[in-house]
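The block underneath contains the structure these notes are about, expressed in structure tokens.
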Amino acid sequence: MPRIAILDLGTNTFNLLIAEKDEQGKAVFIYSKELPVEIGKGGIHKREITPEATHRAVRALHTHRKTMHEYGVDEYYAFATSAVRDAANGKDFTRRMRIETGIEIKILSGDEEAAWIYEGVKQASVLGKEPSLIMDIGGGSTEFIMADEKEIFWKKSYPLGVSRLYEIFHPADPIITKKTEVENHISTMLQDMFDAAKRYDPVELIGSSGSFDSFAEMIIHRTSSSEKAINGFEYPMQEFEKLYNDILISTVDERLKIPGLIQMRAPMFAYSVVLTDITLKTLSIKKMKLSRYAMKEGIANKLLGRGPAGI
């Protein structure tokens, strides 16, 4: 059976997913690893990938390439997202990666990214017959998709990733010192999404991977729950509200010590909770679930099902 690798080259992390088909033809994910790269650091607000970020990216790709070799990968597919597509030197960056690592990278548009996120969430079996609002918080962008188990009704990518917000509002530690400014900025940019939600009336928010994994792990630790942060995990909304209030007044140093929060997410994590809280409250959504699957799982499943022509 063919074994493929997906390289999801995000603004904060470079993610490697290795997958193959099982006997029923379904995608099986046999290896997953994210490496902190922060290609948006110091330059995302200037539409630039810095030399330091480029160096970190080269190292991460060499590490992932070694892993792909160890796992006997037959083919790989590498995709860059917000930080690269928005950077004035984005094409120079991908050229440098090809020269130094041999890895060819496709730059996805925001619409393409949102569509692949939907495909990943669909594989997680968390969508139903009624419209849901899917939210994927990245480093450079945040995607919103209104969809059910059969189709997408509306989708859009916004330059509201946590790295971008961090660069705009830094230093805000704790974030409550600039809470009103941050909220006004986010709400203004999301107005057309809020308007679209009035048409489609989503019954729940489905958080796609990343920050939403951390929300789940942190709540499980806080409540000493025996639950697992699996696909379909339903967040106790009162606990999310408590988490939100605590994160608002926490410093980076305090967040570094919170059980369930990956350390590399700690500096920018406050923006994730503010983005999520504004979305929930503006739309009066009372239910939130987790999808552990996102873009890379969606791409892997489609490629294994259709072959390279399916991308």
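The values are calculated or read from the model by the stated rules, or taken from the named source; none is laboratory data. These figures come from a predicted structure and were not determined experimentally. Because the Cβ atoms are built from the backbone with ideal geometry, glycine has one as well, and the counts that use them run over all protein chains shown.
Things worth noting here:
- Of the criteria (1) exposed (fewer than 13 other Cβ atoms within 10 Å of the Cβ); (2) free of Cβ contacts under 8 Å to residues at least 40 places away in the same chain; (3) within 19 Å of Gly139 (Cα to Cα), which one Ala88 fails: (2)
- Residue within the range 100-112 that is of a type outside the set (A, V, I, L, M, F, W, C), out of contact with any Gly (no Cβ under 8 Å at 6 or more places or on another chain) and under 20 Å from Pro51 (Cβ atoms) present: yes
- Filter result for Ala80 (at pLDDT 95 or above and out of contact with any Ser or Thr (no Cβ under 8 Å at 6 or more places or on another chain)): no
- Evaluation of Tyr166 against (1) surrounded by fewer than 22 Cβ atoms within 10 Å (Cβ to Cβ); (2) more than 30 Å from Ile18 (Cβ to Cβ); (3) hydroxyl-bearing (Ser, Thr, Tyr) (one fails), failing number: (1)
- One residue stands out among those in the range 228-266 that are of a type in the set (Ser, Thr, Tyr) and under 21 Å from the mean Cα position of the chain (by Cα): the one that is farthest from Leu127 (Cα to Cα), which is Tyr244.
- The condition of being out of contact with any Pro (no Cβ under 9 Å at 6 or more places or on another chain) and modelled with pLDDT of 95 or more holds for only one of Lys46, Lys91, that being Lys91.
- For Tyr118, the criteria (1) crowded, with 21+ Cβ neighbours inside 10 Å; (2) at positive phi hold in every case but one, which is (2).
- The range 285-301 residues that are without any contact (Cβ under 8 Å) to a residue 24 or more places away in the chain, paired with ones that are outside any loop (DSSP other than H, G, I, E, B) and crowded, with 24+ Cβ neighbours inside 10 Å (beta carbon under 9 Å, 6 or more apart): none
- Filter result for Leu290 (touching a Lys or Arg at 6+ places or on another chain (Cβ under 8 Å), farther than 26 Å from Asn184 by Cβ and surrounded by 21 or more Cβ atoms within 10 Å (Cβ to Cβ)): no
Yes/no per residue for (1) among the charged types (D, E, K, R); (2) at pLDDT 95 or above:
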| position | (1), (2) |
| --- | --- |
| Glu119 | yes, yes |
| Met135 | no, yes |
| Ile145 | no, yes |
| Glu167 | yes, no |
| Tyr200 | no, yes |
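- Spans of helices (runs of 4 or more DSSP H) in the range 248-311 with at least 3 residues in contact with a helix residue (DSSP H, G or I) (Cβ under 8 Å, 6 or more places away or on another chain), among the acidic types (Asp, Glu) and modelled with pLDDT of 95 or more: none
- For the range 208-230, a tally of residues being touching a strand residue (DSSP E or B) at 6+ places or on another chain (Cβ under 8 Å) and outside any helix (DSSP H, G or I) returns 5.
- Evaluation of Ser132 against the conditions (1) closer than 19 Å to Arg85 by Cβ; (2) assigned by TED's automatic domain parsing to the domain that holds Ser272; (3) hydroxyl-bearing (Ser, Thr, Tyr) shows that the sole unmet condition is (1).
- All told, Glu204 meets the bar of being of a type in the set (Asp, Glu), modelled with pLDDT of 95 or more and within 21 Å of the chain's Cα centre (by Cα).
- Residues satisfying the stated conditions in the range 91-111, i.e. crowded, with 19+ Cβ neighbours inside 10 Å, closer than 15 Å to Lys296 by Cα and of a type outside the set (A, V, I, L, M): Gly110
- Residues in the range 29-75 that are under 23 Å from Leu304 (Cβ atoms), surrounded by 17 or more Cβ atoms within 10 Å (Cβ to Cβ) and touching a residue at least 60 places away in the same chain (Cβ under 8 Å): Phe29, Met68, Val73.
- Taking helices (runs of 4 or more DSSP H) as the structural unit, those lying wholly within the range 1-113 and holding at least 3 residues that are under 22 Å from Arg265 (Cα atoms) correspond to 51-70, 82-86.
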